[in-house]
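Some notes on the structure that comes next.
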Ligand SMILES: [Zn+2]
């Protein structure tokens with residue numbers, strides 16, 4: 001039974017790469033990650049602008065509201081920074097492993113298996129070169145200290 005308002009399931013990483021091709025996927029991920037970076041910088045400036053004159057405000061209520069809004073903007077800045085780093089680490093980690101060992105082509109791959117179990121710290125995918133059919137394994141992690149960047 002499907003609900004009319006239900007969202008279709010998100011495409012897995014393998015589906016995204018196989019649908020658009022690795023290079024388009026990588027370009028999209030870099031654009032998306034730097035979009036989050038831009039949002040973070042923008043909200044940081046807004047937070048700093050709101051903090052200006054908080055303690056010199058004549059009405060304490062206005063100062064309190066500005067302080068709360070400023071912290072909300074700083075929270076968005078932190079969230080955007082984490083999203084930026086997560087997307088960038090995954091995209092760069094995978095991009096360093098998509099050179100075929102046999103024919104040395106970059107990015108001409110199709111993912112033939114993706115390990116979707118969430119209990120592993122490292123995610124594994126098996127990919128195949130579109131030119132020479134060589135098969136190898138990719139690994140990436142969402143843990144920043146273990147990232148293969
Ligand atoms: Zn190849």
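The values are calculated or read from the model by the stated rules, or taken from the named source; none is laboratory data. Just so it is clear, the model here is predicted, and its values are computed rather than measured. So basically every Cβ, Gly included, is an ideal-geometry build from the backbone, and we count neighbours across all protein chains shown.
Quick look at the numbers
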| quantity | calculated |
| --- | --- |
| Pairs where the first residue, in the stretch 101-113, is at positive phi and the second is surrounded by 14 or more Cβ atoms within 10 Å (Cβ to Cβ) and part of a loop (DSSP other than H, G, I, E, B), C-beta under 9 Å, 6+ apart | 107/21; 107/98 |
| Yes/no for residue 139 being surrounded by 14 or more Cβ atoms within 10 Å (Cβ to Cβ) and either part of a loop (DSSP other than H, G, I, E, B) or in contact (Cβ under 8 Å) with a residue 24 or more places away in the chain (or both) | yes |
| Helices (runs of 4 or more DSSP H) contained entirely in the stretch 1-119, each with at least 2 residues that are modelled with pLDDT of 95 or more, under 18 Å from the mean Cα position of the chain (by Cα) and exposed (fewer than 15 other Cβ atoms within 10 Å of the Cβ) | 22-51, 60-95 |
| Count of residues meeting criterion [within 7 Å of the ligand (Cβ to nearest atom) and in a loop (DSSP other than H, G, I, E, B)] in the stretch 120-135 | 3 |
